[in-house]
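Enquirer: Quick one: the structure is below, questions incoming.
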Amino acid sequence: MLRALTAGLLCTAGLAAPAVAAPAVAAPAAAAPARQAPAAPALANGLALTPPMGFNNWNSTHCRADFNEAMVKGIADLFVAKGLKDAGYRYVNLDDCWALPNRDADGKLVPDPARFPNGIKAVADYVHAKGLKLGIYTSAGVKTCNSAGFPGALGHEYSDARQFADWGVDYLKYDNCNNLGVDAQQRYRTMRDALKATGRPIVYSICEWGENKPWQWAADVGNLWRTTGDISDSWDSMVSILKQNLPLAQYAGPGHWNDPDMLEVGNGGMTDTEYRSHFSLWSIMAAPLLIGTDLRKASQATLDILDNKEVIAVDQDPLGKQGTVVSSTDGRWVIAKEMKDGSRAVALFNESGTAQRIATTASAVGLPGTPAYTLRDLWQQQSYNTAGTIAATVPAHGTVLLRVAADPHWATRPPATELGLDGSPLMEAATPVTLTGTVTDLGRTPARRVSVSLTGPDGWAVRPTTATTAAALTTGRTLRTGWSVTAPAGTPTGSYGLTLHTRYRSPAGQQVTSTLPVSASVVVRPPAGPSYLSDLPWLSATSGWGPVERDTSNGESAAGDGHPITIGGTVYAKGLGAHAPSDISFYTGRACTKVSADVGVDDEKGTQGTVAFEIWADGTKVASTGVLTNAMPAQPLTADVTGAQVVRLVVTDGGDGNDSDHADWADAQVSC
C-alpha cells in the first residue's frame, strides 16, 4: 500500500512515495527588496565525482541488535576479502539506531554503548585502516525516522557536523523525518553549511524522498539526493522507482547525482535475473551503488552480481551521464548512456513476465555511422561485431547490458547472433507443442558451420522436426529450426527451463557458443463449469504494493495481512485483492467462455483510492470500467473470453497516481 506522505514518513522504513510529487504552489510576485541577501555558497567540495559506492546496513538489518560495531568491522573486512574494495566500493555506512535516544548534558550525540562500545571514532579508524571510508546517518528533524525516536539534527546542525568530522566520518545520509514543517531547502542548506564549516570532506546525501523536487534546487546543496520514496525488496518496487528516476537524467552529473535508493540485490525478494536487472539499471542510471544486503550471508551469485566490474564501469564512467530512454513499447525498454570514450552502454530491459525480443540500432543510441561496431555483452563478457542492429530475446524481467562502440577493430570479433524461440511457452503435460528456434547473423561477417540444439528438463521429449545446421549465415540471414516438446504425463504445474544452443565459427576460425534460456510453464485447464479464480493457480501476479491476496483485500505489504473483501459495506467471501497497478493472468486453454466479477475499491482505505479495471483475452481488452472511487458501490464486470488461451485481470491507477488504490475482484469467476 502506498501511504500519503507526511513530514514523519520514514526514509529508512520501506514506505513508498507517490510516483509524481505534488506541484509547488507559486507565490505571488513581489517587489524586489532594496537589498538582496547574499547568494548561498555553491557546493564545490570536489566529492562524488562518480556515484558513491559502498554499503548501508538498513535494508538487511534495520534496527536489529546485530547492527553493531562487530558487524560494521566485519563488512569492512569483507570489502577487502571479497574484492569489493578493488571493484570500487568505498563507503561503509551506518544507518539509523546507532545513537542513544537522548543527547548528553552538553547537547552532544552519544553512540549506543551496547552497539558501539568503543565509539564511532574507533570504528572509523578501523575502516580507514582498510583504505575505506565511514558514513553515518541522522535526520533533518528533531528525531530520526525510527519509532524509538533517536536525536535528529534540526537545531543542532553545526554541533553534530563537528562531532561527525571529529569522529572521522566521510559521508552523511540526512533524512527528513520529524522536521516540524520547516522549509526543506532551508534545513538541507543549513547542514550543507555546517559540514563545510568543519573543513572535513564529507559526502552529503540528501534523503528527503523527492518530496520537494530536490533535483531542481540541490545541485549546490548536496552530492546526491533521493528522488523517490524507499525501495523495498520486490520487483514492483524496483520498477516503480526506476520509472520515477529515469526522466530526471538532465539533473545528474559529477558531484550531483539522482539517488533512486539503495540496492536490494541479495536480500531474497527477487530472483537472480531480477537482481541483475536491478544492478544493470541502477548502473546505467549512474545511481549510487550502496549494497543493502548482509555481506556476511551473501551467496556467490549475489557477489558475482555486485562484483561485475564491467557493469560497475558503466555506473562509474567519468563523463557522468545518466542513461536515457530510447524506447519503451509494451515493457520492452531500450536505455542508452553516453560514455566518455564515445561508446554507448545499452540496456535491453524486459519489464514483462514473458520473454520478448528487444531491438534497437547503433544510430538510435547515438553512435556515428560506420561499416560495423564492436558489441560487448557485459554479463556474458563476450565481444562480437554487429552491422548496426542491437537485439536480443530477453528473458522475463531480465536485462541484457551491452557496450557498443564504433571500433575500427570490429573485424577481429566474431559476428553477433540473435537467438529466438517462438511459440507458446504454455504446455499441458503429455501434449506435444511445436516451437521454432531462430539464429540470425547480426554481424558484418558471416557465421559459418552453424548448428542448433534445444534441451529441456530430464525426462522431457525434445526432438527436431527440421534440419538443425547451416553451412553459413550472412548478415541478416536466419536459420529456422522446428522442435516438438512434450512434458511427461504427471508433470506438476510450474515453470521449467528450456535452453536453445547454437555453435558457429567466425571467418577467422573462432568457435562461438551462445545460449538462450527460456521458461516454459506446465499448466492445467480450469475444470468444466464455473470456478472461483481465487481457487485456481495463476500464471503470474503483480501488485503495486504487497502481493495479490486470495479471498482477502490487499492489506499492507506482507503476504496474508488483508481483511475480508468489502466494497461499499458489502462483504464478499471470495475474490482477489490487489493494489494498482496490478496484473493477474490465468491459463484458460481456449476452453472458457466468460469471466465475471464485482469490482471496486476496498473499504479498508476509507475515502481514498481511484482505480480502473480491465479484462484482457490474450492480447485484446474485452471489458473495462471507467474510473471507480471508494465512494462507489461494487460494479459488475463481465467479459466474453471465448477462445482465449490466457485471461488477464488488470487494474490501473485511474490516472492520478496509485496512493491507497486497493482494488478488489470480488466473487471473480470463470466459466469453462
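Nothing in this text is a laboratory measurement; each read-out follows from the coordinates by a stated rule. Here the structure is a predicted model, which is why all the values come from computation and not from measurement. In this analysis, Cβ positions are derived from the backbone assuming ideal geometry, glycine residues included, and neighbour counts consider all displayed protein chains.
Enquirer: Over region 187-316, what is the relative contact order in whole percent, taking alpha-carbon pairs under 8 Å and six or more residues apart? Intermediate values should be presented prior to the final figure.
Expert: Details: 182 pairs, mean separation 24.5, N = 130.
Computed value for region 187-316: 19 percent relative contact order.
Enquirer: What number, rounded to the nearest 500 deg cm²/dmol, is the helix-based mean residue ellipticity at 222 nm of the chain, given -39500 (n - 2.57) per DSSP H run of at least four residues and division by all its residues? Present the calculation step by step, with values, prior to reporting the outcome.
Expert: Details: 10 runs with 96 residues, N = 672.
Calculated at 222 nm, the ellipticity per residue is -4000 deg cm²/dmol.
Enquirer: Let me ask something else about it. Which of the trypsin sites (Lys or Arg not before Pro) found in region 54-120 are in a DSSP loop and have at most 14 neighbouring Cβ atoms, other than their own, within 10 Å?
Expert: Details: sites: 64, 73, 82, 85, 90, 103, 108, 115; in loops: 64, 82, 90, 103, 108, 115.
When the trypsin sites (Lys or Arg not before Pro) of region 54-120 are filtered for loop state and at most 14 Cβ neighbours within 10 Å, 64, 108 remain.
Enquirer: Could I ask something else about it? Among the listed pairs 82/108; 85/340; 73/321, give every one whose C-alpha distance is greater than 26 Å. List each step's numbers first, then the result.
Expert: Working: 82/108 37 Å; 85/340 23 Å; 73/321 34 Å.
The pairs that break the limit, which is 26 Å between Cα atoms, are 82/108; 73/321.
Enquirer: In addition: Starting from 0.36 nm per residue, how many nanometres of slack lie between residue 631 and residue 462 once their C-alpha separation is accounted for?
Expert: On the way: separation 169, 0.36 × 169 = 60.84 nm, distance 5.51 nm.
The residue 631-residue 462 span can extend by a further 55.3 nm.
Enquirer: Of 109, 145, 127, which is farthest towards the positive pole of region 89-147's charge dipole, taken about the Cα centre with +1 and -1 on the beta-carbons of Lys, Arg and Asp, Glu respectively?
Expert: Farthest towards the positive pole: 127.
Enquirer: Within 10 Å of each residue's Cβ, count the other Cβ atoms and sort 378, 180 from fewest upward.
Expert: Numbers: 378 23, 180 12.
Ordered from fewest to most neighbouring Cβ atoms within 10 Å, 378, 180 come out as 180, 378.
Enquirer: With +1 on the Cβ of every Lys and Arg and -1 on the Cβ of every Asp and Glu, and nothing else charged, how large is the dipole of region 517-672 about its Cα centre, in debye rounded to the nearest 20? Kindly include the intermediate steps, with their values, before the conclusion.
Expert: On the way: 8 positive and 19 negative charges, 147 e Å.
It comes to approximately 700 debye.
Enquirer: I want to verify the translational diffusion coefficient of region 53-226 in µm²/s; compute it with Stokes-Einstein, Rh as the Kirkwood radius over Cα pairs, at 20 °C and 1.002 mPa s.
Expert: Values: Rh = 16.2 Å.
Taking Rh from Cα pairs, D becomes 132 µm²/s.
Enquirer: Here is a further query. Which order do 324, 474, 374 fall in if you start with the one that has the fewest other Cβ atoms within 10 Å? Present the calculation step by step, with values, prior to reporting the outcome.
Expert: Working: 324 18, 474 12, 374 21.
Ranked by crowding around the Cβ, least crowded first: 474, 324, 374.
Enquirer: Over the residues of the chain, compute the C-alpha Rg and express it relative to 2.2 N^0.38 Å. All intermediate terms of the calculation are to be shown ahead of the outcome.
Expert: Numbers: Rg = 27.2 Å, N = 672, 2.2 N^0.38 = 26.1 Å.
Ratio of Cα Rg to 2.2 N^0.38 Å: 1.04.
Enquirer: Mind listing which chymotrypsin sites (Phe, Trp or Tyr not before Pro) in region 147-185 are in a DSSP loop and have 13 or fewer other Cβ atoms within 10 Å?
Expert: On the way: sites: 158, 164, 167, 171, 174; in loops: none.
Here no loop site has a sparse enough neighbourhood.
Enquirer: On to the next question. Quick one: 191, 632, fewest Cβ neighbours within 10 Å first, how do they rank? Show your work: numbers first, answer last.
Expert: On the way: 191 23, 632 15.
Placing the least packed residue first, the sequence is 632, 191.
Enquirer: Find which of 322, 298, 156 sits farthest along the positive direction of the dipole of the chain, computed with +1 on the beta-carbon of Lys and Arg, -1 on that of Asp and Glu, about the Cα centre.
Expert: 322
Enquirer: For region 530-671, what is the relative contact order in percent, using Cα pairs closer than 8 Å and at least 6 residues apart in sequence? Walk me through the numbers on the way to the answer.
Expert: Working: 438 pairs, mean separation 45.8, N = 142.
In percent, rounded to a whole number, it is 32.
Enquirer: Shifting gears a bit: Percent relative contact order of the chain, based on C-alpha pairs within less than 8 angstrom and at least six residues apart?
Expert: Reported as a whole number, the value is 9 percent.
Enquirer: Report, to two decimal places, the Cα Rg of region 380-477 normalised by 2.2 N^0.38 Å (N = number of residues). Write down the numbers at each step before the final one.
Expert: Working: Rg = 16.0 Å, N = 98, 2.2 N^0.38 = 12.6 Å.
In units of the 2.2 N^0.38 Å rule of thumb, it is 1.28.
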